[in-house]
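Participant: Sharing a structure with you now.
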Amino acid sequence: MAGQDHRIARLFVCFLLATVWLTALLAGGPTAELDGALSASMRPPAQGWIAQAAFAITWLGDWLVLVPLAVASAAYLVWQQRCVEAFSLLATVAAVRVLVELQKAWLGRPRPNVDQWMVEYSASFPSAHAANSLATFLAIAILLPKSRTARRTLVGVALACSALVGASRIVLGVHWPSDVIGGWAFALIATTPLWSSLRSAPKSVISA
């Protein structure tokens, strides 16, 4: 009965996240007043230190950082003889990257019509930096630690880092806020199975 309750809870959470994703898609973008107002409030008037900081932070969501980090984490798990977790990590990261690009190509939302402080060529929704950073950081935070305390700490760090990456995309003028929210929602849906897999892990693996 408890297992069934957990499955129902996961489905409900995924439904809520899918609703957030759909709302970000339908209610955001170039014609959305709220998106425009939020973008304007977060974007500094000139390329000062805030823009420079955003440019540095945004690289945390680039593939040049995320892919090597995921591969190194998977290699560590294999070294620890935790091959299932290693496969789960790489599969999650790869799936999110591919599906985000497919969404961009299918939906084709234009990026903000502002002086963008970073060159981007793909469509706007969802934010790949937001989705890929959250999915990668969360997958690592969930699967690498062997204790609940370490996992909670790393999950907090993962959420904070992804929040900074998402905010940096808006500051740089390359994404609408709804793009970032949609990316986060999709990443959370994609990482939900990783949480459920922990419930069947040996107690020695997940003990505090």
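Participant: I need the calculated FRET efficiency for the pair residue 9 and residue 67, taking r as the beta carbon distance and R₀ as 35 Å, to the nearest 0.05.
Facilitator: 0.65
Participant: Taking only C-alpha pairs under 8 Å that are 6+ residues apart, what is the relative contact order of the chain in percent?
Facilitator: 32
Participant: Could I ask something else about it? In nm, give the distance between the simple-model label positions of residue 107 and residue 87, each being 7 Å from the Cα along the Cα-to-Cβ direction.
Facilitator: Calculated label separation equals 3.1 nm.
Participant: Let me ask another. Apply the Karplus curve 6.51 cos²θ - 1.76 cosθ + 1.60, θ = phi - 60°, to the phi angles in region 102-111 and return the couplings in whole Hz, x for Gly and Pro.
Facilitator: After applying 6.51 cos²θ - 1.76 cosθ + 1.60, I find 5, 4, 4, 5, 6, 7, x, 5, x, 6 Hz.
Participant: Multiplying the sequence separation of residue 76 and residue 16 by 0.36 nm and subtracting their Cα-Cα distance, what value in nm do you get?
Facilitator: The residue 76-residue 16 span can extend by a further 18.2 nm.
Participant: Now for a separate question. Going by average Cβ density within 10 Å per residue, which order do the peptides 103-113, 126-136 take, highest to lowest?
Facilitator: Answer by packing, highest mean first, reads 126-136, 103-113.
Participant: Distance between Cα centroids, region 43-57 to region 79-100: provide it in whole Å.
Facilitator: With region 43-57 and region 79-100 each reduced to a Cα centre, they are spaced 33 Å.
Participant: How large is ³J(HN,Hα) for each residue in region 82-90, as worked out from phi by the Karplus curve 6.51 cos²θ - 1.76 cosθ + 1.60 (θ = phi - 60°), to whole Hz, x for Gly and Pro?
Facilitator: Running phi through 6.51 cos²θ - 1.76 cosθ + 1.60 with θ = phi - 60° gives 10, 5, 5, 5, 4, 5, 4, 4, 5 Hz.
Participant: Turning to a different aspect of this structure: Between 0 and 90 degrees, rounded to the nearest ten: what's the tilt of helix 128-143 against the longest Cα principal axis of the chain?
Facilitator: It is inclined by approximately 20 degrees.
Participant: Let me ask another. What value in Å³ per residue do you get for the convex hull of the alpha-carbon atoms in the chain?
Facilitator: Cα-based convex hull of the chain, divided per residue, equals 119 Å³.
Participant: For region 76-179, state what percent of all Cα-Cα pairs lands in each successive 5 Å bin, counting from 0 Å until the bin that includes the largest distance.
Facilitator: Over region 76-179, the share of Cα pairs per 5 Å bin runs 2, 13, 19, 19, 17, 12, 9, 6, 2, 1 percent.
Participant: ³J(HN,Hα) across region 12-26 via Karplus (A = 6.51, B = -1.76, C = 1.60, θ = phi - 60°), whole Hz, x for Gly/Pro?
Facilitator: The phi angles translate into 5, 5, 4, 4, 4, 5, 5, 5, 4, 4, 5, 5, 4, 5, 7 Hz.
Participant: Continuing with the same structure: Divide by every residue of the chain the summed helix terms, -39500 (n - 2.57) for each DSSP H run of at least 4, and state the resulting mean residue ellipticity at 222 nm, rounded to the nearest 500 deg cm²/dmol.
Facilitator: Rounded to the nearest 500, the figure is -25000 deg cm²/dmol.
Participant: Considering every Cα-Cα pair within region 1-97, what fraction, in whole percent, is farther apart than 19 Å?
Facilitator: 70
Taken together, the values in this text are just the output of simple stated rules run on the coordinates, not laboratory data. Computed from a predicted model, the values in this text were never measured in an experiment. Glycine also receives a Cβ, built like all others from the backbone with ideal geometry; neighbour counts cover every protein chain displayed.
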